[in-house]
1. Using Stokes-Einstein with the Kirkwood hydrodynamic radius over Cα pairs, what translational diffusion coefficient do you get for the range 26-66 at 20 °C and a viscosity of 1.002 mPa s, in µm²/s rounded to a whole number?
2. Whole number please: convex hull volume per residue of the Cα set in the chain, in Å³?
3. Sum -39500 (n - 2.57) across every DSSP H segment of at least 4 residues in the chain, then divide by the residue count to get the 222 nm mean residue ellipticity, nearest 500.
4. Please state the relative contact order of the chain as a whole percent: Cα pairs under 8 Å, 6+ residues apart?
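What follows is calculated from the coordinates using simple rules that are stated; it is not laboratory data. Everything quoted here is computed from the prediction, not taken from an experiment.
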């Protein structure tokens, strides 16, 4: 299956060379979960602070087991500070 992976802010440095706009298309096996997608690029799960699949927020306790499906968009943000 293919999904679109979007990594924002500092996580963008994990994307492969040639990625455009902070995103890339990736191929995953059927029954893949969020850690499978992030693991392809060495993104530690603990750095994924805000995660959306198809625009829906995935709560942190569900990240290790949340399934992905063909055509999904996985968007991941690191911890963001401000003041």
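1. For these conditions, the coefficient is 200 µm²/s.
2. Cα-based convex hull of the chain, divided per residue, equals 95 Å³.
3. Details: 1 runs with 6 residues, N = 83.
So the helix-based figure for the chain works out to -1500 deg cm²/dmol.
4. 41
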